[in-house]
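Here the structure comes first, spelled out in structure tokens, and everything after it is commentary.
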Amino acid sequence: MRYYTADRLITGDSDGCVPYGGVLVDGELIRWAGPDRDVPRHLRQRSEHVALGPLTLLPGLIDSHVHLALDGAPGAMDRMRGATADELYALMLRNAAELLTAGVTTARDLGAPGGLGVRVRDTIRSGLAPGPDLVVSGAPLTVPDGHCWFMGGARVGERALRQAVRDQARAGVDVIKVMVTGGALTRGSTSWQGQFTAQELAAIVDEAALAGLPVAAHAHGTEGIAASVRAGVHTIEHCSFLDPSGAIVPDQGLILRLAADGVHVCPTISVRFTERWDRRAPDRLPALPALYRQGVPVIAGTDAGTDGAPHRAYVEGLIGMAQLGLPPEEILTAATSRAARALRVETLTGRVVSGLRADFIAVEGDPLRDVSALRALRLVIARGREVRSPFRTPGANGGRGDPAPQGRLEARSAASPPSPRTLGSCTVNPHHRRPVPRPRPGAT
Ligand SMILES: [Zn+2]
């Protein structure tokens, strides 16, 4: 067993931030987590202690919308179309490793050709390759010549769509992805326009429910978002509120409906946004602030892999959410525990609590005060294992980053404990650092 301690522990549970917290890892699971002074002595004595000193421990991050089969550079879609299945499989594993070293311990892949998502998920789960635990769709359902038709998910009519859902379920997918509207990355496709009838969407959701699967709906146009809600999809991707002129016009009535129905929305804010946000016209700004204000459960995802959004830049998307006015606590929730619920993996991961998978990270500074602290990633633990040499996370300019730590992490402040200080919601008092042994009945 290993016991990690740090100045702050964000569990993702209702306790907010724990000063001088500890996480005890036993195999792939968290055996215990909480204030260091409360750790059961017999567990502590049997563990190797890793003192991280002035860092913050928090749940591993979740990217709710990635495309491992796309390489994140301009022209990604064309390169995917020209690649063989073996080339894409290798690329997907490489991108998965990149996500993991950026602190992403769970990711949802929402569209790769054929059965590649399932294959990559199972390779990582078997331990043959490093990567986040994956929740995967098959080829996105679309119409002939529709958005991403070349991934193999184009069908005509209710019968064929139902059959496609059954085929994907049999192949082992975790979620059905449907392109409710067009998308900018497919030539000839129109982002604001719907692709399916209400009956077809209802058939997809119904057939998925019979297979026990949720539906993730790609929807840019307002009509498509409304149609997705009526059909009863589980998550809405992008949710851009595009009108036919290309302007973003949030529909307040529809936003209230999203909030009332508790539909999770992944607005896919990525490094593309943070790099250009101050040059955006007001009618091109994402609808995220309006969604947040009305209480829509927002989850973090970056559409990683699409042009200009490399997988390693996950944290830049969270910083973009902060630029749009979301408070750090809301962003961290969207990136951890709430995302886990939306992906239906909340009993496995998303919080640092006893019994869940040991998926957590350590960063410098306090991300509850400033999410850009997540750029200074110092440790990634996935399924109980330390991920070596964390990636250099890019700065806002996409290039620079903090160097990975060399060698083993140590308690740098052990020799001179700091004076009491308040860090965001975490009051840190050096006298609490040392565990207080507490006699327990029957303990020797
Ligand atoms: Zn996407």
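With the crude spin-label approximation of a point 7 Å out along Cα→Cβ, what separation in nm comes out for Asp167 versus Ala129?
2.3
What is the diffusion coefficient of the range 85-183 in µm²/s, taking the Kirkwood radius over Cα pairs and the Stokes-Einstein relation at 37 °C with a viscosity of 0.692 mPa s?
237
Let's see if you can work this out: charge +1 on each Lys and Arg Cβ, -1 on each Asp and Glu Cβ, no other charges. What is the dipole magnitude of the chain about its Cα centre, in debye to the nearest 20?
With only Lys, Arg, Asp and Glu charged at Cβ, the dipole is about 1320 debye.
Order the peptides 38-50, 304-316, 197-209 from the highest to the lowest mean number of other Cβ atoms within 10 Å of their residues.
The densest-packed peptide leads the list: 304-316, 197-209, 38-50.
At what distance in angstrom do the alpha carbon centres of the range 12-28 and the range 172-199 lie from each other?
40
How do Asp303, Asp370 rank when sorted from fewest to most other Cβ atoms within 10 Å of their own Cβ?
Exposure proxy ranking, most exposed first: Asp370, Asp303.
Would you list Leu128, Leu343 from fewest to most Cβ contacts within 10 Å?
Leu128, Leu343
Once you wrap a convex hull around the alpha carbon atoms of the range 1-89, what is its projected area averaged over all directions, in nm²?
Answer in nm², one decimal: 8.9.
If R₀ is 45 angstrom, what is the calculated FRET efficiency for the pair Ala198 and Asp13, using the beta carbon separation as r and rounding to 0.05?
0.65
Treating only the Cα positions of the range 61-342 as identical point scatterers, give the base-10 log of I(q)/I(0) from the Debye formula at each q in 0.09, 0.12 Å⁻¹.
-0.36, -0.67
Treat the count of other C-beta atoms within 10 Å as a stand-in for reagent exposure and order Ser228, Ser270 from fewest to most.
So the residues, fewest neighbours to most, are Ser270, Ser228.
Which is farthest toward the positive dipole end of the chain among Ser354, Ser137, Gln252, measuring Cα position about the Cα centre, with Cβ charges +1 (Lys, Arg) and -1 (Asp, Glu)?
Comparing the listed Cα positions along the dipole, Ser354 ranks first.
Here, each number is a calculation from the coordinates, and none is a lab measurement. Keep in mind that this is a model prediction, so the values were computed, not measured. Heads up, the Cβs are rebuilt from the backbone with ideal geometry, glycines too, and the neighbour counts pull from every protein chain shown.
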